[in-house]
Structures are given as C-alpha cells and as structure tokens.
1. Accessible area per residue of segment 98-212 at 1.4 Å probe, in Å²?
2. Post the alpha-carbon centroid distance, segment 182-212 to segment 99-113, in whole angstrom.
3. Place a point 7 Å from the Cα of ARG56 along the Cα-to-Cβ direction; which residues of segment 110-133 have their backbone N under 16 Å from it?
4. Dividing the convex hull volume of the Cα atoms of segment 136-212 by its residue count, what figure in Å³ per residue is obtained?
5. Using a 7 Å offset from Cα along Cα-Cβ at GLN197, what residues in segment 148-189 end up with backbone N under 12 Å from the label point?
6. Could you tell me what percent of the accessible area of segment 82-212 is made up of carbon and sulfur, with a 1.4 Å probe and every protein chain present?
7. Sketch the reach of a paramagnetic label on VAL186 as a point 7 Å from Cα along Cα-to-Cβ, and name the residues of segment 149-172 whose backbone nitrogen lies under 15 Å away.
8. For segment 77-190, report the % of Cα-Cα distances exceeding 19 Å.
Amino acid sequence: AHIQKERRLEPIPKLDIHHGSKRRNMHRMQERIMRKLMVGLLLISAPAAAGSAGERESRTFSPEAIQEISVETEVGSIEIVGIATGYAQVEFLDIAREQCQLTAEAKDGALTVSAVRKAQSSRINCPARVRILGPIRANVDAHSGMGNIDISSISGNVKTRTGTGKTSLRLLKGALTADAGKGSIVGTASSQDVKIQVGTGSVDLKGLLGSA
C-alpha cells in the first residue's frame, strides 16, 4: 500500500508589529514633549528678551537759560530737534544701566548731556541713545563714537563728530562743522560758514549759502 507522508507546515514567523507600533508611539510622544518644552522655554525667555532692549529715562529743563547744548554718546545715536516751546527735554533710550553713567544738567547757560561707561578703565562701552528737544537758537556740539547723528531746526552754530555713523542735518542756519570718520553727511543747511570732513563716506548737503 502507498503510504503518503503528511507534510508539516513550518510555522509562520510572527512579525513584531505591535512592538514597532509601540516604538513609533514613543517617538511621537517624545517629540510632543520636546515641542512643549521648547514652547515653554520660549515663553519664559520672551520677557527677558524684551527687557534686554534697555531702559528709558527722561528729564525736563527750563529752556530760557540754555544757550549751549553739548552731547556725547559712546555707542548710540543722537537726535536733537529745535523747538519753540516752554521746556527742554532730554531722553535716554535703550539704556544698559549697569554699564552706563548718565549725565544731564543745565548750568551757566549750558545743557550738558552724556551717556558714557561707568568706569573709564572699563572695556565695556555704554550703549544708549539720546534724544533732545531744545531751544531753536542754541549752539549745538554733538559727538558719538559709534552712532548716527540727526540735528534739525537749529539756528545756532552746529558742530558734529561721529566715528562711525550717518550725520543727517536739516533746516540749519548757523555755522556748521561736521566730521565723520566713517559715514555720510547729508541734509539741508542755509549756512555761510561750513566745514566738512569725511574719512570714508559721501557728502550731500543742499541749500548752502557759503562754500564747503
């Protein structure tokens, strides 16, 4: 008699689908946790970043006795606008107070404003911007080591010096002396006595009555 042998089927290996799914779920969960942590860190650091822009300080003076305005910044722009109102105002903007010594005082007809490092021996400059609203007839002397200078509506004599930065002059009538180590000098000035010096940069002044 013919005897037929029974063939045994080899068991099909089980695929570890369940464990693979587990691993994927774990990865997704870890990614979600990391995203939440990153969002939390951003929310925590946002106020600190906003505060790092610097502080602001304002001082007001009677303009009657102010005939001279002298301003100095190490790192920061200077803006001076002549106004015909009953006050003179000095604003310090974007101040790093721990690095800066601020001065704004009126004495003997002169308004002296400065934002410089606290210790002369310190290697850390004082970053701060200065904005002044002052008498139209005042004489102005503005000096910035690194920063733009913007002066407008002044009928007194104007002197500017900047190491690096743009000098913008508008509606000036008195004698003008402008010096820029690296930066342009632009604007309008109906001045007869003009002295301009630029190391690296351009000069574009209109309305001059004298020769530059």
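1. Numbers: 5880 Å² over 115 residues.
Value for segment 98-212: 51 Å² per residue.
2. Segment 182-212 and segment 99-113 have Cα centres spaced 28 Å from each other.
3. Residues 128-133 fall inside that zone.
4. Working: hull volume 4.6 nm³, N = 77.
Output value, Cα hull per residue: 59 Å³.
5. 160-162, 177-181
6. 47 percent
7. Once the point is set 7 Å along Cα→Cβ of VAL186, 149-151, 165-171 turn out to lie under 15 Å by backbone N, inside segment 149-172.
8. The proportion of pairs with Cα distances above 19 Å equals 46 percent.
The values are calculated or read from the model by the stated rules, or taken from the named source; none is laboratory data. Quantities reported herein were computed from a predicted structural model and do not represent experimental measurements. Cβ sites come from the backbone with ideal geometry, for glycine too, and all protein chains shown count toward neighbours. Just the protein is used for accessible areas: all its heavy atoms, side chains included, with ligands, DNA and RNA removed. Shrake-Rupley method; radii C 1.70, N 1.55, O 1.52, S 1.80 Å.
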